[in-house]
Every structure is written in C-alpha cells, then in structure tokens.
Amino acid sequence: MALRTFFNEVKGLKVKDLPTYLKPVLSIDSIKNAAKRGLDAYHAKYIETNSIEPVFHICFGGMAFSYLIALPEERRHLEHQQKHGGH
C-alpha cells in the first residue's frame, strides 16, 4: 500500500524534480523512523497480543535464509550432475 502511494507521488513529478523529492525520503533518519514505526507496529500486532505467529516467522524466516545460503551450492551440484549424467 505504501509502495503504491510512493509511485503515485513520483508519477506526478518531473525527472529533474525527482532527486529533490527522493533525498529526504531516502535519508538515514527517514529510514530509521520507518524501521522504528514498522517494529512498533509488529510489536503491537503480535507481541502484545501474545500471538504464536512470531515463532512461525522465525522458523520460516530461518528456513528461507538457510535455503538462500545453500542455493549456490545446490545449483553447482545440479549443474555438475546434468553435465556428467549423474544418478
């Protein structure tokens, strides 16, 4: 939803005005504030309500991270297997 709003705002700008618009949006303080708001919203939605979902988020996030780390080795293995007709 926020991305759609961002694109709608950028769509109305001229190319020469884009850097002056993006500079405050992409500043360190702006990014820190956005991360803080996101963490506060996550805390209010899941932590304060004693939800089990953060445990699932950690499990699935760890699984996805592990898969992404192992992916290059798996691709090399599959490529080698296809090249040499492995079993």
Dipole of the chain, Cα-centred, from +1 at each Lys and Arg C-beta and -1 at each Asp and Glu C-beta, to the nearest 20 debye?
440 debye
Here the tail fraction of P(r) beyond 17 Å, over all Cα-Cα pairs of the range 10-57, rounds in percent to 55 percent
Tilt of helix 53-84 relative to the longest C-alpha principal axis of the chain, in degrees (0 to 90, nearest 10)?
50 degrees
Just name one of Phe56, Ile69, Ile28: the one whose Cα is farthest towards the positive end of the charge dipole of the chain (beta-carbon charges, Lys/Arg +1, Asp/Glu -1).
Ile28
Rounded D (µm²/s) - the chain, Kirkwood Rh over Cα pairs, Stokes-Einstein at 37 °C, 0.692 mPa s:
186 µm²/s
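Each reported figure results from applying straightforward, stated rules to the coordinates on display, with no laboratory input. Quick caveat: nothing in here was measured; it's all calculated off a predicted structure. Cβ coordinates were reconstructed from backbone atoms using ideal geometry, including for glycine residues, and neighbour counts include every protein chain displayed.
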